[in-house]
Amino acid sequence: MAAAISSAAQISVPGPQQTNIRIAVKAIQVKLNSKVRSGIKSVISHRKSTISCTVGNDTEEKSFDTNNWRDFQWNLDTVREIPSGTPLKIGWKVENSSDQPIEIVLSYEEIAMCASKGASDTTLHKHKHKRAEITVTLQSNEVPGLERSLDNASEIAGQRKSLIKRLGLSVEVLKRISAVGGAFGGFHPAVQAVFSCIDVVLKALEEQDVQNSDVLSLISEMSDMAICLSDLDQFATLTQLRSVIEEMGTLMRNAVDLVIKRDSSNSQNKIVSVFSSNDRGKIEDLKSKLARLKQKFDRGVSIQNAIATETVKARLDKLASALDDNRYLEKLNPGYHKTDPPRCLDGTRKEILSTITSWTDNFTASNVFWVHAYPGAGKSSIAFTIANQLKKAHRLGAIFAFDRKAETSPSILWRHISYNLAQEYPTCRDDIVWKVKADTLDNMTATEIFHQLVAEPLRRWGGFLTGFPRDRLPVIVIDALDECGALGSSSTQGRREILSRISEWAELHPHFKLIVTSRFEHDINHSFSTIPHRSLAIDTGNAVKPESTEDIRRYIEDGFKKMTTGDESELVNWPGEDVVDDLSKRASGIFIWAVTVLNYVAVNPSEKRLNEVRGGLLPSGDVYALYRQILESAFSGWNHDECANVVDLVGTIVAAQIPLTSDDVASLLNMGTATAKNICKRLQPVLDGGDMLRFAHQSFVDFLLGHKNQSDDGSVKEEVSCPEAFRIDLSVAHHHLTSSMFRLMNKKLRFNICNIESSFMRSDSLPPSQVDEAIDRPLSYACRFWGFHLEHSSQTRVLDSFQVGTFMREKLLYWFEALSVLGALNTAALALGCLHRRLLPDVSKKDPAAENLVILARDAMKFVRYFAPAMSQSAPHIYLSALPFSPKMSTVANMYRREFGNTIRVSYGELTDWPAEQLVIRGHEDAVLSIAFSPDGQHIVSGSHDTTIRMWDVQTGQAVAGPAVRGARRLCLVCRILARQPARCVCL
C-alpha cells in the first residue's frame with residue numbers, strides 16, 4: 001500500500017482523532033538590516049541578488065534586480081513540499097561579491113511545530129539573522145490518514161455490526177486498492193480489469209450518500225484476490241497453479257462486466273438498487289465460484305511451495321557440494337602467482353606468436369612445443385604473451401614460470417597445473433577432487449601428483465573428447481625450465497624429473513598441448529630429442545632474423561619515447577632513427593641487451609652515454625660482455641673495501657630468500673644506508689626498478705656466479721666473464737649474511753619485544769601492527785632465516801664464536817619469543833640442529849668454546865621441542881611455563897633461570913633430565929592405531945580409532961591438516977600408503 005502514500009511531509013498532530021499534515025514552502029522574504037543595507041548599497045546597486053531554497057539535495061533559486069535593495073520577496077510559482085525529516089535551507093547572496101552569503105537552516109521539527117500551531121492553513125515563520133530577518137510562508141493542509149492495511153480493514157469489517165460502518169470502511173479500502181492498482185495492475189489482464197471496475201464504482205459511490213452492499217461485497221473479495229494474483233502470476237510455475245490463475249482471471253472479468261454493464265446502463269443516483277433479484281443470484285454464483293477457486297488457488301500455492309522447497313534444497317545441496325569441493329581444491333592450490341609477468345610489446349614477435357598459435361590449433365601435430373634460445377632473447381615475454389592470448393580464447397590450462405630465486409619446485413608446478421585444470425574444466429574437476437579427498441597432498445611426491453592429479457584425469461577425458469569444442473581444449477605453458485633447481489646448479493634431480501614427465505606428456509592425447517621455454521642446455525636438448533615434439537629456436541647473433549631486429553627496433557624506439565616524454569623540446573624525437581637502427585643491429589636479437597642499454601642510458605639521458613654504447617665501450621650483442629662493461633663503468637675507481645661492499649650487497653640480493661629493500665639490506669649487513677642506495681643506483685641498469693631489489697634477468701645472476709658465457713654452439717668466451725672483484729661465491733655470501741644476522745639479533749632482540757601485557761594473550765591474536773612495529777623486516781628476516789643461510793654457508797669459513805656465543809647465552813629465549821609472535825617457531829629446532837652440526841668439527845679440535853656451544857645447542861633443541869606447543873601459542877609462557885618446568889640438568893634453563901628468578905619453582909617432582917619422549921602430540925579422541933613419517937621427516941601422519949587421520953608438524957606438534965574421516969579398518973592401510981616408506985610406518 002506504500003504506493004498510495006504521498007512523498008510529501010506528513011506529521012502527526014495530537015487530538016481526539018489523528019490526522020496528517022502536509023507542509024510546503026509558499027513564499028520567502030529577506031529583509032536586510034539597516035546596517036547591512038548601508039554597507040552594501042553601493043555594491044548591489046549594479047548587481048543582482050539571489051534567494052535560494054534548498055529541500056534535501058534539490059535547490060531552487062530566484063534572482064532579483066537591484067532597484068529594491070531593502071526587501072526581497074519571492075512568491076513561489078509552485079509550492080515546495082518538505083518531506084518528513086528533511087531540513088529546509090534558505091540563502092541570500094549578492095552575485096560576484098566577496099561578502100559571505102546569508103544562510104539559515106530550519107530543522108523539520110521546527111517547521112512542523114510552527115505549522116501545527118497555525119490557526120489556518122498558512123503560517124509565517126520568522127527567523128532573526130544577525131544581518132537580516134527571514135520570513136518563510138508555510139502552507140499546510142490535512143490529509144486523510146491511511147490507518148489500516150487491507151488485512152486490518154477486513155478484520156475490522158468483520159467485527160463491526162453496523163452495515164453503514166462496514167460499508168464506510170469498505171469505501172476506504174477501495175480507495176487504497178485503487179491507488180495500489182496503478183502500481184500492480186500490469187501483471188495480469190484480469191487484475192487490470194478489476195482495478196478499472198473498482199475505480200468506476202468508487203467514483204460513483206463518492207458522489208452519493210447511500211452505498212450498495214452487493215457491489216461492495218463482490219468488489220472487496222475480487223480486490224483481495226486481484227492483489228494476490230498480481231503478485232503470484234509472475235512466479236507461478238506449476239501447471240495446476242497457472243490453470244487456476246487463468247480460470248480465476250476469467251471469473252473476475254465476468255464479474256467486472258456485470259458491475260460495469262449495470263453501472264453504465266443506469267443513472268448513478270439509482271446505484272442503490274442497481275441489481276435485480278436475478279442479478280443477485282448471478283453475484284452469489286460468482287462469489288461461490290470465487291470461493292472454490294480460492295481453495296484451488298491455495299492448494300496450488302502450497303504444492304508449488306513444496307516443489308520450490310525441494311528445488312531449493314537440491315540447489316543448496318549442490319552448492320554445499322561445490323563449496324566442499326572448493327575447500328579440497330584450495331588445499332591443492334600451491335598459491336603460485338607471477339607478479340608483473342613480462343609481455344611482448346604490441347606489434348612485435350608476430351611471426352613467432354603466429355607459429356605457436358597455429359600449432360595449438362593443429363590437433364594432428366605432436367602435443368609438445370619447445371621454444372629455446374640464448375639467455376635474454378625474450379622467451380619469457382613470448383610465453384606470457386601467448387598465455388594471455390590463450391586466456392582470452394578460454395584455452396589457457398595454466399602457465400608456470402620456474403625461478404631459481406623462489407625455488408619453484410616440480411611439486412608446485414604440477415599442483416598449480418592440476419588446480420587450474422580443476423577450476424577451468426569440470427570434466428577434470430570431478431576426478432581431481434575425488435583424488436584429493438582420497439589422499440593427503442602433503443605426502444605426495446611430484447611424480448605422484450603428476451600421475452594422479454594431471455595425467456590420469458587428462459587420459460580419462462581423452463577417452464570421450466567427441467563433441468567437445470576444440471577451441472576450448474587446454475594448453476599448458478611452462479616457462480624457464482632451465483631455472484628449475486637451486487642457485488648455482490645447472491642440472492638438478494628436479495629438472496630430470498620434469499623432463500621425464502614431459503616425455504610422458506608426449507604420450508597423452510594430442511589434443512592436450514604443452515608449451516615449454518628454456519635455454520638451449522645439453523640435458524634439456526637430449527631429453528627433447530627422444531620424444532616427438534615441435535621445436536622453435538629464436539636465432540641470435542649472426543643468425544638473427546630481420547624480423548627479430550625489427551621487433552627490437554620497435555622496442556628501443558618505444559623505450560626512448562617513454563624516456564623523453566615530458567622533457568624539453570630539444571629531446572623530442574631523440575636520439576633519432578639512425579641511432580635506433582644502429583642499436584637494433586647491435587642487439588643481435590638479444591632483447592635483454594636492448595633492455596639493459598635503455599636502462600643504462602635512462603640513468604642520465606645524454607649523448608655521452610649514447611656514444612659509450614655506439615663507440616664500442618658497451619659491446620654489442622653479447623649480454624655477458626655488456627654486464628661486464630656496466631660493472632666496470634659503474635664502479636670505476638672504487639677501492640677494494642668499496643668493491644667488497646658491492647659484493648656483499650649483490651651477494652645478499654642473490655642469496656636472500658625473500659625480496660628485500662635497499663634499507664633492509666643495509667640493516668642486515670650493518671652497511672650505511674647511503675652506501676647501499678649509491679650501489680643500487682649504479683646497478684640500476686640491471687635491476688628491475690621496483691622498491692624490492694631484484695635483478696631484471698636471471699642471466700645477470702649467472703654472470704655474477706661465474707657461470708660460463710656459453711653460446712648455442714658451445715663456445716666459451718672467458719674474456720667477457722664477470723670481473724674477479726665482483727664475482728659472487730654463493731657459499732661465502734651465505735656465510736657473510738649469517739654472521740651479519742647474528743650481529744643484528746644480538747643488537748635488537750630483547751625481553752618482551754612486543755610489549756605483551758598479559759600471558760593470556762595468544763601469539764596469533766596480536767595485532768600485526770604491534771608485531772611489525774617491534775620486529776622490523778630485517779630483524780624478522782634474520783630470526784627466520786639464519787639457520788638456512790648457515791646450512792648453505794661455506795664450510796671453510798670460521799663462525800664468529802663471540803657473536804654466536806652471545807646469541808646462545810643471552811638472546812636465545814628472546815629469539816624463541818620473536819619466532820612465537822612471527823608464527824615461525826617450527827624453524828627453531830632446524831636452525832639449532834644446523835648450528836649443532838656446524839660446530840661439531842670444532843669440538844674434535846679440542847675447542848672448549850665450541851664444545852660448550854654444542855652442548856648448549858643440543859639442549860636448546862630439546863628445550864624448544866619439548867615446550868613447542870606452549871611456546872608457539874603464547875610467547876610469555878617461554879618464561880612462565882617452559883623455563884620453570886625444565887629439568888634440573890637443562891643447560892638452557894640453568895643459564896637463564898638466574899635472569900628470571902621471580903618465576904614459579906617446582907618444589908617436588910621436578911624432572912632430572914629430558915624425558916625420552918621429546919614431544920607429546922595431543923588431539924585424537926581415542927587410541928592411535930598407526931603413525932607414519934613423511935618422506936622429508938617434517939610431518940607425522942596418525943590414524944586413530946576415532947576414525948580420523950591427522951597430520952602434525954614434527955617440530956611443534958601442531959596440527960597442520962585434518963581431521964580427515966575414514967573408516968577405522970582402513971586407517972592402518974591409509975597410514976602405510978601415506979608413509980611411502982614402509983620401514984617408517986608403525987602400527988599400534
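The values are calculated or read from the model by the stated rules, or taken from the named source; none is laboratory data. Nothing here was measured: the structure is a model prediction, and the numbers come from that model. In this analysis, Cβ positions are derived from the backbone assuming ideal geometry, glycine residues included, and neighbour counts consider all displayed protein chains. Please note that ligands, DNA and RNA were not included when accessible areas were found on the heavy atoms of the full protein model with its side chains. Shrake-Rupley method; radii C 1.70, N 1.55, O 1.52, S 1.80 Å.
So between residue 908 and residue 727, what do we pick up on full extension, going 0.36 nm a residue minus the alpha carbon distance?
So the extension gain works out to 59.0 nm.
What's the carbon and sulfur percent of segment 742-833's accessible surface, probe 1.4 angstrom, rounded to a whole number?
51 percent
Starting at 0 and stepping by 10 Å, how many percent of the alpha carbon pairs of segment 747-881 end up in each bin?
Going from the shortest bin to the longest, the percentages are 12, 43, 31, 12, 2.
What order do you get for 842-849, 947-954, 322-329 when each peptide is scored by the mean count of other beta carbon atoms within 10 Å, highest first?
Going by the mean number of other Cβ atoms within 10 Å, highest first, we get 947-954, 322-329, 842-849.
So, for segment 718-805, what is the accessible surface per residue at a probe of 1.4 Å, expressed in square angstrom?
For segment 718-805, the solvent-accessible area averages 51 Å² per residue.
With a ≥ b ≥ c taken as the square roots of the eigenvalues of the C-alpha gyration tensor of segment 590-689, please select rounded if a/c is under 1.5 and otherwise prolate if a/b is larger than b/c or oblate if it is not?
prolate
Please work out whether segment 804-853 counts as rounded, prolate or oblate from its C-alpha gyration tensor, where a ≥ b ≥ c are the square roots of the eigenvalues and a/c under 1.5 means rounded, while otherwise a/b larger than b/c means prolate and anything else oblate?
oblate
Determine the per residue accessible area of segment 379-433 with all protein chains present and a 1.4 angstrom probe, expressed in square angstrom.
Each residue of segment 379-433 exposes 35 Å² on average to a 1.4 Å probe.
Tell me which of 323, 426, 368 sits at the most positive position along the dipole axis of segment 315-444, charges placed on C-beta atoms (Lys, Arg +1; Asp, Glu -1).
368
Which whole-number value in Å² is the accessible area per residue of segment 812-926, probe 1.4 Å?
49 Å²
Counting pairwise Cα distances across segment 67-120, what percent come out greater than 12 angstrom?
That tail contains 77 percent of the Cα-Cα pairs.
Over the alpha carbons of segment 731-809, what is the largest minus smallest coordinate on each principal axis, giving the biggest first in Å?
Largest first, segment 731-809 extends 46, 22, 17 Å along its Cα principal axes.
So which GluC sites (Glu not before Pro) in segment 522-568 pass both tests, a DSSP loop state and at most 12 other Cβ atoms within 10 Å of the Cβ?
568
Can you send over the carbon and sulfur percentage of the accessible area for segment 905-945, probe radius 1.4 Å, protein chains only?
So the carbon and sulfur contribution to the accessible surface is 51 percent.
Under 1.5 on a/c is rounded, so check that first for segment 453-549, then, if it is not, pick prolate when a/b is larger than b/c and oblate when it is not; a ≥ b ≥ c are the square roots of the alpha carbon gyration tensor eigenvalues.
The shape class here is oblate.
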